[in-house]
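Enquirer: Take a look at the following structure, please.
No value in this document is a laboratory result; all are computed from the given coordinates. This one's a predicted model, so the numbers in the text were calculated from it and none came from an experiment. Cβ coordinates were reconstructed from backbone atoms using ideal geometry, including for glycine residues, and neighbour counts include every protein chain displayed.
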Amino acid sequence: MKRNLSIVLAAIALSASGISLADVPMTSWGKPSLQGNWDFATVTPFQRPAAFADQEFLSEDEIAEYEEAVRAGRAANATREFAASGEESQGDVDVGYNSFYLDQGTTMSTTRRTSQLIYPVNGRMPPATQAAREAGAYFRALQSRSPQGPEDRNAFDRCILGFNAGPPMRSGAYNNMMQLIQTEGYVVIQTEMVNDHRIIPTNGGQALPNNMRLWKGDSRGEWEGDTFVVTTTNFTHLSRFSGTGENMALTERFTRLDEDRLEYEYTVDDPESFEDKWTAVVEMQNTEANLFEYACHEGNYAMPLMLSGARKQEANGEEDDTWLPSWSR
C-alpha cells in the first residue's frame, strides 16, 4: 500500500513539473529511474559569450550556425601549424595528446541556452572575492615552478580527482560519461574520468563532522518530488572547482525528463570565494556506449617524469617557473 501511494505521489509531482509520467521510466518503488549511462559532452559554453550579450536562448538556425562554427574552428586549429609551415610540426600536440583523443561533443544542449550558467542571469560567473584571488595566485605560482615533490602538483596530475568528474560534473575535453546506479536506499555516481565514484544515501543520513574533510566532499541525498537532490560539503582546501574553496556548499539536482534525457543542475554556494551563488544546468543524453576503465594511476607516466625532470634541473642548478601547460598560461 505504501509503495502504491508513493507511485501516486510521484505521478502528481511529475505532472506539476510539466513532465509526463508516461515519458519517464519509473522504479518498482515509485521513484523516477535515474539509472543508465549518461553522456554530458556539449558545445554549449559554460559562460555566455559576449557576442550573445543578454540573449538567453538561440533559435534552431542560430544553433546550427554556432555548431558549424565550432566544428570549423576545431578543424582550423588542428591544421593551422601544418598549413603555415608546409611540414609536420608539434602544432597539434599539447600536454601529451592531440585532437584525435578529444571528445568534446558536437552539439549544443537541447535547452537551446547560450550558456550552461543560468544564474547569475547574465550567464557569467560572479566576481571572485579578494581571498579567492589570493588563493588562486598562490596555486598558480605553485603549479608554475619546478615541483619539490608530488604534493606540489595539483590533484588532477596526481590522479586523485578527475577534471570533469567534479563534483560538480562539467563537460570537458574527453571522458564526458557517467553511470548512475540506483537502489531504494542509495544512488551511485560513477564517472569515467579517473573512475571517480560517489555512493550517496537517499535518506539524507547523518552528515560528517566539520573537521572531517574528503576530496569529493560528503554527499547526502534526498528526493524532492521527482528530483533527486544531493548536498555536498566538507571538501578539502585542495578540492578546487573553478576557484571554489573548502567551505563550498554544493547542491546537485537530477531530474529524469524522458527516456533519453536527464537534467543535471547544480548550484555552488561559496561566499568565501564568490560574491554570489552560481547555478549551471545541462541535459545529459542516455547512451548505449560503455564506460571504460580510466586507469589513471596505472598509466600516470607524467608524474614520475615531471619529478625526475625537476631533480635533473636541481642537479644542474637550474630554476624554472614555466611549468604551467601552454593552455593555462
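Enquirer: Per the helix-only calculation at 222 nm, which mean residue ellipticity applies to the chain, given -39500 (n - 2.57) for every DSSP H run of n ≥ 4 and division by its residues, nearest 500 deg cm²/dmol?
Expert: -7000 deg cm²/dmol
Enquirer: Where does helix 2-16 land angle-wise versus the long Cα axis of the chain, in degrees 0 to 90, nearest 10?
Expert: Approximately 70 degrees, to the nearest ten.
Enquirer: Compare the peptides 108-115, 54-61 by average per-residue count of other Cβ atoms within 10 angstrom and give them in order, highest first.
Expert: Order by mean packing, descending: 108-115, 54-61.
Enquirer: Please report, largest first and rounded to whole Å, the three semi-axes of the ellipsoid equivalent to the range 100-147, where each semi-axis is the square root of five times an eigenvalue of the C-alpha gyration tensor.
Expert: That gives 31, 22, 4 Å for the three semi-axes.
Enquirer: Also, I was wondering about something else. Using a cut-off of 13 Å between alpha-carbon atoms, which aspartates and glutamates can reach Lys312, once sequence neighbours fewer than 8 places away in the same chain are excluded?
Expert: Correct list for Lys312: Asp320.
Enquirer: Let me see the P(r) profile for the chain: every Cα-Cα distance counted, bins of 20 Å, each bin given as a percent of all pairs.
Expert: Distribution as computed: 26, 58, 15, 1 percent.
Enquirer: Here's something else I'd like to know. Charges at C-beta only: +1 for Lys and Arg, -1 for Asp and Glu. How large is the resulting dipole of the chain about its Cα centre, in Debye rounded to 20?
Expert: Value, rounded to 20: 860 debye.
Enquirer: Which angle from 0 to 90°, rounded to the nearest 10, does the C-alpha axis of helix 302-315 make with the longest principal axis of the chain?
Expert: For helix 302-315, the angle is close to 30 degrees.
Enquirer: What is the distance, in nm, between label points placed 7 Å from the Cα along the Cα-to-Cβ direction at Arg311 and at Glu184?
Expert: Each label point lies 7 Å from its Cα, and together they span 5.6 nm.
Enquirer: Same structure again: Need one word for the range 244-329: rounded, prolate or oblate. Basis is the Cα gyration tensor (sqrt eigenvalues a ≥ b ≥ c); a/c below 1.5 gives rounded, then a/b vs b/c decides.
Expert: It comes out oblate by the Cα gyration axes.
Enquirer: To continue, here is another question. Considering the dipole of the chain built from charges on the beta carbon (Lys and Arg +1, Asp and Glu -1) around the Cα centre, which of Ala207, Thr44, Pro271 is farthest to its positive end?
Expert: Positive-most Cα among the choices belongs to Ala207.
Enquirer: Tilt of helix 130-144 relative to the longest C-alpha principal axis of the chain, in degrees (0 to 90, nearest 10)?
Expert: In the chain, helix 130-144 runs at an angle near 50 degrees to the longest axis.
Enquirer: Also: From the residues Ala289, Leu34, Met125, which one has its Cα farthest along the dipole of the chain in the positive direction, the dipole being from +1 and -1 charges on Cβ of Lys/Arg and Asp/Glu about the Cα centre?
Expert: It is Leu34.
Enquirer: Quote to one decimal, in nm, the extra length available between Glu65 and Asn211 on full extension: 0.36 nm per residue of separation minus the C-alpha distance between them.
Expert: Extra length from Glu65 to Asn211 when fully extended: 47.5 nm.
Enquirer: Once both labels are modelled 7 Å past Cα along the beta-carbon direction, what's the Arg133-Asp157 spacing in nm?
Expert: Placing both labels 7 Å along Cα→Cβ, they lie 2.6 nm apart.
Enquirer: Another one. Normalising by the residue count of the range 158-314, find the relative contact order in percent from Cα pairs under 8 Å and 6+ residues apart.
Expert: 16
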